[in-house]
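J.: Here you go, one structure.
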Amino acid sequence: MSSRKSKSNNLIHAECLSQVQRILRERFCHQSPHSNLFGAQVQYKHLSELLKRTAIHGESNSVLIIGPRGSGKTMLINHALKELMEIEEMSENVLQVHLNGLLQINDKIALKEITRQLNLENVVGDKVFGSFAENLSFLLEALKKGDRTSSCPVIFILDEFDLFAHHKNQTLLYNLFDISQSAQTPIAVIGLTCRLDILELLEKRVKSRFSHRQIHLMNSFGFPQYVKIFKEQLSLPAEFPEKLFAEKWNENAQCLSEERSVQEVLQKHFNISKNLRSLHMLLMLSLNRVTASHPFMTAVDLMEASQLCSMDSKANIVHGLSVLEICLIIAMKHLNDLYEEEPFNFQMVYNEFQKFVQRKAHSVYNFEKPVVMKAFEHLQQLELIKPVEKTSGNSQREYQLMKLLLDNTQIMNALQKYPNCPTDVRQWATSSLSWL
């Protein structure tokens, strides 16, 4: 009877957990406009008012939202747009154009994207206008014909704004800012960037047409607020269907936030980076460990997830190398110690390796030179070593100068964890100049 009861409990847990994982993963992975704005209420109010002045009163504006990656710039604009679109008249009347400097790499592509998003390409059949000049003049004419009272406001959101400043002559930025300064179609130009020196990148004529409004997002909250954010991000919403399970889950999240070991993990993350993206990554990895047999998150899950977050990817590559490749890396380490980080070539590494083989007199490590060369090339493919300069076709591979991309600490840490590492190889690594 008890086994049947535990089975039914497991089924209920499994159903609840699939819903929990869906809700929380959506929260961690997507910049949802429903999520809370932590420590950015003042900036949100400023941006929201600015957008309303454009949308309701037909007042053109331009603003830059500046902050480091993961500080919530996209979330801030999404929140403001969502609130604006909830006003009844606005949802149909306001036009939005979203551009990204990584996708629209020049003004021609950007203009095609603007005409597509404003549904203007159908004006002449299915094709967008032939030349860049025609496209630009048509778009400007369409925007300039409007006035503050009768035209639909257009909101331009330029993500990675600094990349648009690298476009030739900054034509797009110049024309957008020019329209925003004149009494034509009401437009709001909102740039998102992580560069503090963004105004230095703008040409004089572009800078003079920009309003110089800036909204800074700097993640100004302290550690107690960070712990509170951790608890809120992990908590289930009140409308979760299984009330009893949601209560238990939220109680567990409260207990976790008060545990000392969890606070130490969070303090470490907070000291490295305040941005919520790294916190979401930590929570996502912890959430992956939750199963029907282990339905609630524990401090151990968070500690293991933290180790995964801070893991050294290069040290992980070293764990998968052969003993010969490990020996070559140790030989390079010794050359670095001896010649104070000067570049080395294959022949020098091979000679160093041969000294080790002769000293130990082990036939196990006595490989033919072409085999050692192959292992050396494999290290280059894994990007653990790299050439100092580009090679010309006629240069000999053995004498090409290389640089090791691992430091001594990484090598020694990787050797500690290397499975079944021969003792004499480990000793060779620790006794730096023992072969002299």
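J.: Taking R0 as 51 Å, what FRET efficiency do you get between K369 and E89 from their Cβ-Cβ distance, rounded to the nearest 0.05?
T.: 0.05
J.: Let me ask something additional. FRET efficiency for H30 and S431, Cβ-Cβ distance as r, R0 = 51 Å, nearest 0.05?
T.: Efficiency computed from Cβ-Cβ geometry: 0.45.
J.: How much FRET efficiency would the formula 1/(1 + (r/R0)^6) give for K360 and S322, where r is the Cβ-Cβ distance and R0 is 22 Å, rounded to 0.05?
T.: According to the calculation, E is roughly 0.80.
J.: Can you give the local net charge around L282? Use residues other than it whose beta-carbon is closer than 14 angstrom to its beta-carbon, Lys and Arg +1, Asp and Glu -1.
T.: +4
J.: Calculate how many DSSP beta bridges within the chain are antiparallel, expressed in % of all such bridges and rounded to the nearest 5.
T.: Given both bridge residues lie in the chain, the antiparallel proportion sits at roughly 15 percent.
J.: Which residue, chosen from N351, M332, L308, occupies the Cα position most advanced towards the positive end of the dipole of region 298-368, where the dipole is computed from +1 (Lys, Arg) and -1 (Asp, Glu) charges on Cβ about the Cα centre?
T.: N351
J.: Can you list the GluC sites (Glu not before Pro) in region 286-380 that are in a DSSP coil and have 10 or fewer other beta carbons within 10 angstrom?
T.: Listed in order of number, the matching sites are E340, E368.
J.: Further question on the same structure: Which value in nm describes the separation of the simple spin-label points at A292 and S211, placed 7 Å from the Cα toward the beta carbon?
T.: 5.6 nm
J.: Report which label in [x] -0.77, -1.03; [y] -0.89, -1.33; [z] -0.96, -1.08 holds the value of log10 I(q)/I(0) by the Debye sum over Cα atoms at q = 0.10, 0.13 Å⁻¹ derived from the coordinates of this structure.
T.: Answer label, from the structure shown: [z].
J.: Measuring from label point to label point, each 7 Å out along Cα→Cβ, what is the C255 to L196 span in nm?
T.: 4.4 nm
J.: Roughly speaking, what is the stretch gain from Q181 to F221, that is 0.36 nm per residue apart minus the C-alpha to C-alpha distance, in nm to one decimal?
T.: Fully extending the segment from Q181 to F221 adds 10.8 nm.
J.: Probe radius 1.4 Å, ligands and nucleic acids ignored: give me the carbon and sulfur share of the accessible area of the chain as a rounded percent.
T.: Here it works out to 52 percent.
J.: Ok, one more. Here are some pairs, K45/K168; K248/K274; K73/K386; K268/K417; K355/K403; K333/K374; which of them have Cα atoms lying more than 26 Å apart in this structure?
T.: Distance filter (> 26 Å) returns K45/K168; K248/K274; K73/K386.
J.: Could you go through region 304-320 in sequence order and give the Karplus-derived ³J(HN,Hα) for each residue, using 6.51 cos²θ - 1.76 cosθ + 1.60 with θ = phi - 60°, rounded to whole Hz, and x for Gly and Pro?
T.: 5, 5, 5, 5, 5, 5, 9, 5, 7, 5, 5, 4, 5, 5, 4, 4, x
J.: Here's another thing I want to ask about it. Between E304 and E398, what is the label-point separation in nm under the 7 Å Cα-to-beta-carbon projection?
T.: So the label points at E398 and E304 sit 5.0 nm apart.
J.: Further question on the same structure: Of A80, Y44, L202, which is farthest on the positive side of the dipole of region 40-216, counting Cα position, with +1 on Lys and Arg Cβ, -1 on Asp and Glu Cβ, and the Cα centre as origin?
T.: Of the listed residues, the answer is L202.
J.: List the residues whose amide H sits under 5 Å from the amide H of I215, counting only those 5 or more places along or on another chain, with H placed 1.01 Å from N in the peptide plane.
T.: Sorted by chain and number, the residues that satisfy this are L64, I65, I66.
J.: Considering amide H positions built from the backbone, and no H for Pro or chain starts, which residues 5 or more places from A188, or on another chain, come under 5 Å of its amide H?
T.: N61, V154, I155, F156
J.: Taking a ≥ b ≥ c as the square roots of the eigenvalues of the Cα gyration tensor of region 174-234, is the shape rounded (a/c under 1.5), prolate (a/b larger than b/c) or oblate?
T.: Here region 174-234 falls in the prolate category.
J.: Work out, step by step, the length gained on full extension between L120 and L140: first 0.36 nm times the residue separation, then minus their alpha carbon distance; give nm to one decimal.
T.: Contour length minus the Cα-Cα distance gives 6.0 nm.
J.: I've got another one for you. Tell me, what is the per residue accessible area of the chain in Å², probe radius 1.4 Å?
T.: Value returned for the chain: 53 Å² of accessible area per residue.
J.: Oh, and also: At a 10 angstrom cut-off on C-beta neighbours, averaged per residue, how do the peptides 243-251, 81-89 rank from highest to lowest?
T.: 243-251, 81-89
The values are calculated or read from the model by the stated rules, or taken from the named source; none is laboratory data. Here the structure is a predicted model, which is why all the values come from computation and not from measurement. Positions of Cβ are backbone-derived with ideal geometry, glycine not excepted, and every protein chain shown enters the neighbour counts. Just the protein is used for accessible areas: all its heavy atoms, side chains included, with ligands, DNA and RNA removed. Shrake-Rupley method; radii C 1.70, N 1.55, O 1.52, S 1.80 Å.
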